[in-house]
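Following: one structure in structure tokens, then a few remarks.
The values are calculated or read from the model by the stated rules, or taken from the named source; none is laboratory data. Just so we're clear, the structure is a prediction, and the values are computed from it rather than from any experiment. We place every Cβ from the backbone using ideal geometry, glycine too, and count neighbours over all the protein chains shown. Only protein heavy atoms, including side chains, enter the accessible area calculation; ligands, DNA and RNA are left aside. Shrake-Rupley method; radii C 1.70, N 1.55, O 1.52, S 1.80 Å.
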Amino acid sequence: AGGAVYSPAMTDFIFMVEGTSYMFVTGPEVVKTVTNEDVTKEDLGGSAVHSTRSGVSHGSFRNDVSAMRAVRRLLDFLPSSNDPTTLPEKPATDPPDRLLPALGSLVPDDPNTPYDMKDVMREVVDHGDLFEIMPDMSKNIVTAFARMEGRTVGVVGNNPTTLAGCLDIGASAKAARFVRFCDAFHIPLLTFV
């Protein structure tokens, strides 16, 4: 709480744990004193608030163990610095020339029929493995890390299952922040529209 909460908001990634992680400038006691309104820590600055509304948190997790697993998974995709030679590369075990017949049925012929862009993305990337960033915020756009031919890529795509995939301010900010991070660390982008 207090001024120290500004620092995390300026970092690249923040993962929060439900019921134990809080970020707010002024706590529930001060809110009660000033406005005579009762508010809980969770409602004021818990993981749900920051992962669904404010966009400060990039993921909300049930417990510390699942949060730490997610941090490890994220770090597995990231380079150790912004030097392009440090971009992690895994052995390419998913053939790059494989056929993708499912793509023919995932995107419907009717442009008014929604489909989940994450299903399309999973078909294209190595082993269908996506690590989504900010999955609970602005669901009309998907931002994720994945691999292609063993190399880390950033994946961005409009998701027609929410708001028909139309971009709003929240989705634009989410995508811009992700693209800016990828650019700073020389992570190639794969874009789905």
Please note which helices (runs of 4 or more DSSP H) are completely contained in region 1-60 and include at least 1 residues that are open to solvent by 80 Å² or more (accessible area, probe 1.4 Å) and among the charged types (D, E, K, R).
28-35, 41-45
Cβ-Cβ below 7 Å, separation at least six or inter-chain, first residue in region 173-193 and over 10 Å from residue 155 (Cα atoms), second open to solvent by 60 Å² or more (accessible area, probe 1.4 Å) and part of a helix (DSSP H, G or I): which pairs?
186/84
Cβ pairs under 7 Å, 6+ apart, first in region 106-120 and of a type in the set (Asp, Glu), second open to solvent by less than 60 Å² (accessible area, probe 1.4 Å)
116/159; 119/106
Residues (surrounded by fewer than 16 Cβ atoms within 10 Å (Cβ to Cβ) and of a type outside the set (S, T, N, Q)) located in region 156-172
164, 166, 167, 168, 169
Restricting to region 61-75, name every residue that is closer than 24 Å to residue 183 by Cβ and either open to solvent by less than 30 Å² (accessible area, probe 1.4 Å) or in contact (Cβ under 8 Å) with a residue 24 or more places away in the chain (or both).
70, 71, 73, 74
In this structure, does residue 122 turn out to be touching a helix residue (DSSP H, G or I) at 6+ places or on another chain (Cβ under 6 Å), at pLDDT 95 or above, more than 30 Å from residue 46 (Cα to Cα) and basic (Lys, Arg)?
yes
Selection count, region 76-97, where residues are surrounded by 12 or more Cβ atoms within 10 Å (Cβ to Cβ) and without any contact (Cβ under 8 Å) to a residue 12 or more places away in the chain
1
Do we have residue 88 as out of contact with any strand residue (DSSP E or B) (no Cβ under 7 Å at 6 or more places or on another chain) and not small (Gly, Ala, Ser) here?
no
